[in-house]
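The values are calculated or read from the model by the stated rules, or taken from the named source; none is laboratory data. Being a predicted model, the structure only gives us computed values, none of them experimental. Cβ: placed from backbone, ideal geometry, glycine included. Neighbour counts: every protein chain shown.
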Amino acid sequence: MEKSEISSVKKQFDADVKKLAGDSLSIEAISLLRNSYTGKDSQLAKLFKELGTLDSKERGPAGKELNVLKQHIEESCQLLEEQYIQHKAMVDDEKQDIDLTAPFATTKESLERLQSQGASNPVSEEVEKMLSIFRTMGFHIFEARELDTEYFIFDSLNFPPNHPARENWDAFKTAEGLVPTPHTSNMQVRVMRYFKKPPVRAVIYGRCFRNEAVDVVHGHTFHQIEGLYVDKGVSVADMIGTIKAYLEAFFEQEIVWRIQPSFFPFVEPGIEFMVRCIFCKGVGCGSCKHSGWLEVAGAGMIHPNVLREAGIDPDEYTGFAWGLGLDRTILQKNGIKDIRSLFASDIRFLRHDV
Ligand code: PHE
């Protein structure tokens, strides 16, 4: 393999990126570009294959250069996507035509309304508490994106293309091919890349959307707190200890926990973390659907393919991730019966009158 081959791929790629910028930018175009440079039949894949034929002296440096190029391609595609999303949001805003200079109504009634004191939504209050617990445990806090590409939501998380597991997430899709995020795991690879290298200690809070029928316990919009911890020698015991410590701080009591196996393509092994119902102590009640247990989080050891996608060597580092669902816990902790009240904007609920 010649050095010039690697640099000519880079040159060609940079030229293609330039061509894409501007009006011809679209999510499909970016994903085509990414695929043609990193996909199975790409020049890059061919060069990676050739690594095996090099003698051991050359293999190290050539491998390094190829990885640098791969990362360059990934980062450029990500940047393009961000540019596209921002550009699109700006164009949409312009189209909306809101007159920000329009004067306030100054009738007695509207002034009274302005003076009435508001109160924060229970979701915001609980989220603040949850994040502050993780902050004291040494995690960095990030906010998730609410609109993202399939790459971050599925592909980067080891979901094979067109794999039926994607359907479990009941994701919506916009006309432009973007996806309102169905889970905060879309931030995993992004945040790991942001840290450049372990240790990674991050907690990501965000709103999620799924195409679900709405009833008292299901909403199409809900909240998750994602956690990530990657370093040398991180184990399942660390994962369980961290989740347990958090839950005991949040519920302000000792908990009884159990785990059961579960499948998520981005972790191996994957688990479901359960807490013995803190209301009925396991006897069975409305909060735990008479099972005695509350499901609080999906979690697991981050899959080597996901670490690799984020530029982290899985032979050197391990890590765990979790996704905590907030809404049901918030209902349970506050004795709220209907999940819909969290979003209905009923002023009596928001004032904490009901
Ligand atoms: N993203 C998963 C879900 O929405 C939860 C999860 C997060 C599982 C991290 C494992 C690790 O169901």
Fill in the blank from the handout: Among the residues of region 1-54, the number that are surrounded by 14 or more Cβ atoms within 10 Å (Cβ to Cβ) and not in a helix (DSSP H, G or I) is 5
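Here is a yes/no grid of residues against (1) assigned to a loop (DSSP other than H, G, I, E, B); (2) within 19 Å of the chain's Cα centre (by Cα); (3) at pLDDT 95 or above:
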| position | (1), (2), (3) |
| --- | --- |
| THR101 | yes, no, no |
| PHE104 | yes, no, no |
| GLU112 | no, no, no |
| SER120 | yes, no, no |
| GLU125 | no, no, no |
| ARG135 | no, yes, yes |
| ILE141 | no, yes, yes |
| ARG145 | yes, yes, no |
Problem - Residues satisfying the stated conditions in region 1-41, i.e. touching a residue at least 12 places away in the same chain (Cβ under 8 Å), farther than 29 Å from SER56 by Cβ and within 28 Å of the chain's Cα centre (by Cα) - result: VAL17, LEU20, ALA21, LEU25, SER26, ILE27, GLU28, ILE30, SER31, LEU33, ARG34
Fill in the blank from the handout: Condition set part of a loop (DSSP other than H, G, I, E, B) and within 16 Å of the ligand (Cβ to nearest atom), scope region 159-184, selection surrounded by the fewest Cβ atoms within 10 Å (Cβ to Cβ): answer is HIS163
Problem - Filter pass, ASP346 being more than 10 Å from the ligand (Cβ to nearest atom), of a type in the set (D, E, K, R) and within 22 Å of PHE152 (Cα to Cα) - result: no
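If you take the residues in region 277-314 that are outside any loop (DSSP other than H, G, I, E, B) and more than 16 Å from the ligand (Cβ to nearest atom), which one is nearest to PHE266 (Cα to Cα)?
Pass one, region 277-314, residues outside any loop (DSSP other than H, G, I, E, B): 293-302, 304-309.
When the remaining residues are screened for being more than 16 Å from the ligand (Cβ to nearest atom), the result is 293, 308.
Numbers: TRP293: 25, ARG308: 12 Å.
Only one residue tops the list, namely ARG308.
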Exercise for the section: Please list, ordered by first then second residue, the pairs with beta carbon atoms under 6 Å, 6 or more apart or interchain, first in region 318-329 and among the charged types (D, E, K, R), second away from the ligand (no atom under 11 Å from the Cβ) and outside any strand (DSSP E or B). Expected result: ASP327/ILE339
Fill in the blank from the handout: For region 56-86 the number of residues that are surrounded by fewer than 19 Cβ atoms within 10 Å (Cβ to Cβ) and hydroxyl-bearing (Ser, Thr, Tyr) is 1
Practice task
Those residues that are within 12 Å of the ligand (Cβ to nearest atom) and either in a helix (DSSP H, G or I) or exposed (fewer than 14 other Cβ atoms within 10 Å of the Cβ) (or both), I need them from region 226-260; list them, please.
Solution key: MET239, ILE243
